[in-house]
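The values are calculated or read from the model by the stated rules, or taken from the named source; none is laboratory data. Quick caveat: nothing in here was measured; it's all calculated off a predicted structure. In this analysis, Cβ positions are derived from the backbone assuming ideal geometry, glycine residues included, and neighbour counts consider all displayed protein chains. Ligands, DNA and RNA are stripped out before the accessible areas are found, and what is left, the full protein with its side chains, is counted by its heavy atoms. Shrake-Rupley method; radii C 1.70, N 1.55, O 1.52, S 1.80 Å.
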2 protein chains.
Amino acid sequence: MNILVTNDDGIFAEGIYKLAKVLSKKHKVFVVAPDRQRSATGHAITMHHPLRTQKMKFFDTDIEAWSVDGTPSDCIKLAIEAILNEKPDLIISGINDGPNLGTDVLYSGTVSAAMEGAIHGIQSMAISMAYTKNIDYNIGAEFASKMVEKFKENSIPENTLLNINIPDCKKNDIGGVKITTLGVRRYKNSFIKRIDPRGQVYYWLGGDIIDEAQNESSDIKCIKDKYISVTPIHYDLTKYDLIETIEKWNIRI
Amino acid sequence: MNILVTNDDGIFAEGIYKLAKVLSKKHKVFVVAPDRQRSATGHAITMHHPLRTQKMKFFDTDIEAWSVDGTPSDCIKLAIEAILNEKPDLIISGINDGPNLGTDVLYSGTVSAAMEGAIHGIQSMAISMAYTKNIDYNIGAEFASKMVEKFKENSIPENTLLNINIPDCKKNDIGGVKITTLGVRRYKNSFIKRIDPRGQVYYWLGGDIIDEAQNESSDIKCIKDKYISVTPIHYDLTKYDLIETIEKWNIRI
C-alpha cells in the first residue's frame with residue numbers, strides 16, 4: 001500500500017519516526033509533516049501566509065519525507081494536491097505524544113489531519129499514545145501495522161475516519177481492543193494567571209481534568225480500563241434531530 | 001441578557017462592531033476578541049505560549065471590551081474562566097466577513113468560538129455574511145438581534161449551537177429564513193505554486209469551489225437561493241452507525 005504519514009508533534013518527533021519506520025518494512029511510505037510542534041491547532045489551515053516545503057532526510061531511513069511550515073491539515077492538503085504524484089491508499093496521523101480522547105478531539109491536530117484525509121476521500125486514521133511519560137511508541141506502531149492489514153481487507157465509508165488511542169500500560173497488560181464512542185472531557189481551573197517581570201498579567205492554559213461519569217461505551221472509560229480504543233468518527237456536524245424544533249421557533253426576517 | 005461577543009476577524013473588524021453596537025441597545029454586551037485576524041484557525045487553542053489580554057476602548061461605544069493575543073476559542077475560554085465575573089446568557093460569534101457553510105465550518109474560527117461556548121454549556125450561535133464584497137453588516141446585526149429575542153423564549157439543548165449565514169443580496173431581496181443542514185463544499189486547484197526572488201518554491205492556499213449538486217436542505221443551496229440559513233450543529237463526532245461494522249473487523253492486539 002501507499003501510505004501517507006503525518007502528525008502534529010512535528011517531523012522530528014519520535015512517534016512519527018517509529019510509525020513510519022515500521023510501516024516502511026511492508027509498504028511504500030511518504031512522510032509530510034509540520035516542521036515543528038503544532039499540537040492543539042485543531043483544524044486550522046494557513047491562508048494568510050504562503051507555505052514552504054522542504055525535502056528531508058528522515059532519520060536513519062530512506063523514506064521520502066517533506067517538512068511543511070504549516071499545520072497538520074496543511075500537510076495533508078499539500079501532500080495530496082502538490083507534493084505526491086498519486087493519491088495515497090491510506091493516511092495515518094501520529095503517533096501522537098498524549099491522548100486524543102472525547103471532546104478533546106476537536107482541538108487535536110492529529111485527528112484533524114486524518115479528517116482532512118477523509119475529506120479528500122482517502123481511508124484515514126489517527127493514532128495516539130494516551131499518556132505522556134515513558135511512552136513506548138513500539139506498541140502503537142505495531143498496532144498501526146495491524147490496522148493497515150485490516151484496511152487491506154476492509155474499508156470505512158467516505159467521510160469517516162478512525163481515532164485510535166493506546167492505554168498507559170505494558171503491552172502484556174492491554175486487555176484487548178474496543179470499538180468506542182467519544183466521551184466527554186471537561187476541565188476546571190483552566191487558566192493559570194501569572195505576572196511578568198514588568199508587572200503585566202499573562203495566562204497559561206492549564207486545567208485539571210474533571211473525571212465525569214463516563215458512558216460505558218466511551219473511549220475515555222476504555223482507556224482507563226487499559227483497552228485500546230478505536231472510535232469511528234465523521235465530520236458532519238449537523239444536528240439533524242434539532243431541525244424540526246428550530247423550525248417551530250418560527251424565525252422571520 | 002448578558003451577551004458575550006467574539007469573532008475571528010479581530011477586534012477591529014467592522015462586523016463585530018456593528019453586531020456589538022446593535023445588541024448593546026437592549027442588552028449588556030461584553031466583547032472578548034482576537035487582537036488581529038485569526039480566520040481559518042479552526043478549533044485551535046494556545047498551549048505553547050501564554051496569553052495576554054488588553055482592556056480596550058471599543059470604537060465609539062462604552063461596551064466593555066478586551067483583546068486577546070490568541071485564537072477565537074482562546075477568547076471564549078478566557079472570557080468565561082478568567083475575564084468575566086459571571087457566565088454570559090448567550091454567546092454570539094461574528095459577524096464574519098465571508099461564508100461559513102458546509103464542510104468549511106470545520107476550518108472556521110467563527111464557528112469554533114460558538115462551539116467553545118456550547119462546550120461550556122452556554123447558548124451560542126455563529127453568524128456570517130456569506131459574501132465578501134460590499135458587505136452590509138446591518139442586515140446581519142439586525143437578524144442577530146431578532147435571534148436574541150428568540151433565545152429569550154426558547155433554548156437549544158446543551159452541546160448544540162446555531163450557525164447562521166446571510167445571503168449576498170439587498171435586505172428586501174432575502175426570501176426568508178430556512179433551517180438547514182451542512183452541505184458539502186469541495187475545492188480544486190487548491191494550491192498556487194510561486195517562486196520567490198531567491199528561486200525557492202512556495203505555495204498559496206487558494207482553490208476554486210467545485211459546485212457539487214447540493215442536497216435541497218443544505219445551507220449552501222439555501223444561501224444560493226437567497227434565504228438566510230440557520231443550521232443546528234453539535235460537536236459529537238462519533239459515527240455511531242459504524243461501530244457495529246468495525247466490531248466485525250475483529251481487531252486483536
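Side notes on the structure shown:
- Whichever residue in the range A:17-26 is within 21 Å of the chain's Cα centre (by Cα) and over 13 Å from A:Ser93 (Cβ atoms) and, among such residues, is most open to solvent (accessible area, probe 1.4 Å): A:Lys21
- Residue list for the range B:88-98, filter: over 19 Å from B:Thr71 (Cα atoms) and open to solvent by 20 Å² or more (accessible area, probe 1.4 Å): B:Asp89
- For the residues A:Ser112, A:Ser108, A:Ser73, A:Ser124, the requirement of being surrounded by 24 or more Cβ atoms within 10 Å (Cβ to Cβ), free of Cβ contacts under 8 Å to residues at least 40 places away in the same chain and polar (S, T, N, Q) singles out A:Ser124.
- Scanning the range A:10-41 for residues that are more than 21 Å from B:Gly70 (Cβ to Cβ) and either of a type in the set (D, E, K, R) or assigned to a strand (DSSP E or B) (or both) yields a total of 12.
- Options B:Ser93, B:Ser124, B:Ser112: the member that is in contact with a Pro (Cβ under 7 Å, 6 or more places away or on another chain) and assigned to a strand (DSSP E or B): B:Ser93
- Of everything listed in (1) more than 26 Å from A:Lys226 (Cβ to Cβ); (2) modelled with pLDDT of 95 or more, the single unmet condition for A:Glu158 is (2).
- All conditions but one from (1) crowded, with 21+ Cβ neighbours inside 10 Å; (2) more than 9 Å from chain A (Cβ to nearest Cβ); (3) on the phi < 0 side of the Ramachandran plot apply to B:Glu158; the one that does not is (1).
- Residue among B:Asp225, B:Asp219 that is open to solvent by 60 Å² or more (accessible area, probe 1.4 Å), more than 23 Å from B:Ile3 (Cβ to Cβ) and not small (Gly, Ala, Ser): B:Asp225
- Selection from the range B:204-238 of residues that are assigned to a loop (DSSP other than H, G, I, E, B), at negative phi and in contact (Cβ under 8 Å) with a residue 24 or more places away in the chain: B:Glu212, B:Gln214, B:Asn215, B:Ser217, B:Asp225, B:Tyr227, B:Tyr235, B:Asp236
- Selection within the range A:212-253 - acidic (Asp, Glu), over 22 Å from the mean Cα position of the chain (by Cα) and more than 9 Å from chain B (Cβ to nearest Cβ): A:Glu212, A:Glu216
- Residue match in the range A:169-192 (condition: assigned to a strand (DSSP E or B), of a type in the set (Lys, Arg) and at pLDDT below 95): yes
- Taken over the range B:1-16, the criterion of being within 21 Å of B:Gly98 (Cα to Cα) and surrounded by fewer than 23 Cβ atoms within 10 Å (Cβ to Cβ) is satisfied by B:Gly10, B:Phe12, B:Ala13, B:Glu14.
- For the range A:102-147, the set of residues classified as of a type in the set (Val, Ile, Thr) and away from chain B (no Cβ under 12 Å) consists of A:Thr110, A:Ile122, A:Ile127, A:Thr132, A:Ile135, listed by residue number.
- Selected residue (criterion: surrounded by the most Cβ atoms within 10 Å (Cβ to Cβ)) from residues of the range A:170-194 that are more than 18 Å from the chain's Cα centre (by Cα) and polar (S, T, N, Q): A:Ser190
- Among the conditions (1) within 10 Å of chain B (Cβ to nearest Cβ); (2) open to solvent by 10 Å² or more (accessible area, probe 1.4 Å); (3) over 14 Å from A:Val5 (Cβ atoms); (4) touching a residue at least 40 places away in the same chain (Cβ under 8 Å), A:Gln54 misses just one, which is (4).
- Among residues of the range B:32-43 being more than 17 Å from B:Ile80 (Cα to Cα) and either aliphatic (A, V, I, L, M) or open to solvent by 40 Å² or more (accessible area, probe 1.4 Å) (or both), the one that is nearest to the other protein chains (Cβ to nearest Cβ) is B:Ala40.
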